[in-house]
Ligand SMILES: N[C@@H](CCC(=O)N[C@@H](CS)C(=O)NCC(=O)O)C(=O)O
């Protein structure tokens, strides 16, 4: 059994999707990020960075893994699935996984902060992060023009990138003009395990379903979390 410490965010959903795809038994431990559960000492003992997701593998001496990319690699290696074993195949998966961890995630994350959560609208910062996200979408689209998935067969690289790109509206970044990216988004969304994964836990606000007011309320909660996260603990 694996404990998954998570919340309804792209980074959390990467791991719940992988667990669903791999059919591994897991127990969901949902943290309330607005209440600061991720900064509680019991959770910091699992992830010293105080962020979700993290997993604890109860069948492996309670081995703890933090950072969503590291969780995905651990699960793929534990099962021998969602990542090829040969050096080149594994490297291809790593390249697109790192592309997400170092590019798509941070750029869309900062687009969310400046476009949705920050009280002041700093237009150059919004433009920078939305523009960089859209540039990265173009890179994905170009690659997907000649590849069904990002790195050989469907893999943890697809899961990691998909969990973020699917939230592009929240970041205010369009996928218009990227037909290959749209094809890939739809193909992955059609997977039953993916549909189950994004319900663990369910996304709290859907822009098209819930409308602007609900989005505004959610953004306010997230703003409180961002402000809390900016306050460094005093050095001792
Ligand atoms: N690089 C980390 C990022 C984790 C991260 O930023 N998690 C966010 C939710 S998506 C979080 O826990 N935020 C709470 C906070 O900032 O206090 C990963 O991929 O696991």
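Which one of the conditions (1) over 18 Å from the mean Cα position of the chain (by Cα); (2) part of a helix (DSSP H, G or I); (3) over 23 Å from residue 222 (Cα atoms) does residue 148 fail to meet, given that it meets all the rest?
(2)
Only residues that are without any contact (Cβ under 8 Å) to a residue 60 or more places away in the chain, away from the ligand (no atom under 12 Å from the Cβ) and outside any loop (DSSP other than H, G, I, E, B): list them for the stretch 36-87, please.
41, 42, 56, 57, 63, 64, 74, 77, 78, 79, 87 - these are the residues of the stretch 36-87 that are without any contact (Cβ under 8 Å) to a residue 60 or more places away in the chain, away from the ligand (no atom under 12 Å from the Cβ) and outside any loop (DSSP other than H, G, I, E, B).
Limited to the stretch 58-81, what total is found for residues that are buried (at least 19 other Cβ atoms within 10 Å of the Cβ) and over 16 Å from residue 13 (Cα atoms)?
So the count comes out to 0.
Taking the stated definitions as given, is residue 134 modelled with pLDDT of 95 or more, within 19 Å of residue 17 (Cβ to Cβ) and buried (at least 18 other Cβ atoms within 10 Å of the Cβ)? Outline the logic, then answer.
Working: modelled with pLDDT of 95 or more: yes; within 19 Å of residue 17 (Cβ to Cβ): no; buried (at least 18 other Cβ atoms within 10 Å of the Cβ): yes.
No: the conditions fail for residue 134.
Give 186, 236 a once-over and let me know the one that is more than 13 Å from the ligand (Cβ to nearest atom), loosely packed, with under 15 Cβ neighbours inside 10 Å and at pLDDT 85 or above. Talk me through it step by step, then tell me what you get.
Numbers: 236 fails: at pLDDT 85 or above.
So the residue among 186, 236 that is more than 13 Å from the ligand (Cβ to nearest atom), loosely packed, with under 15 Cβ neighbours inside 10 Å and at pLDDT 85 or above is 186.
Against the conditions (1) modelled with pLDDT of 95 or more; (2) assigned to a loop (DSSP other than H, G, I, E, B), where does residue 119 fall short? Just the number, please.
(1)
As an exercise: evaluate residue 196 against (1) in contact (Cβ under 8 Å) with a residue 40 or more places away in the chain; (2) on the phi < 0 side of the Ramachandran plot; (3) surrounded by 16 or more Cβ atoms within 10 Å (Cβ to Cβ) and give the number of the one condition it does not meet.
(3)
The values are calculated or read from the model by the stated rules, or taken from the named source; none is laboratory data. Every value quoted in this text rests on a predicted model; they were computed, and no experiment measured them. Because the Cβ atoms are built from the backbone with ideal geometry, glycine has one as well, and the counts that use them run over all protein chains shown.
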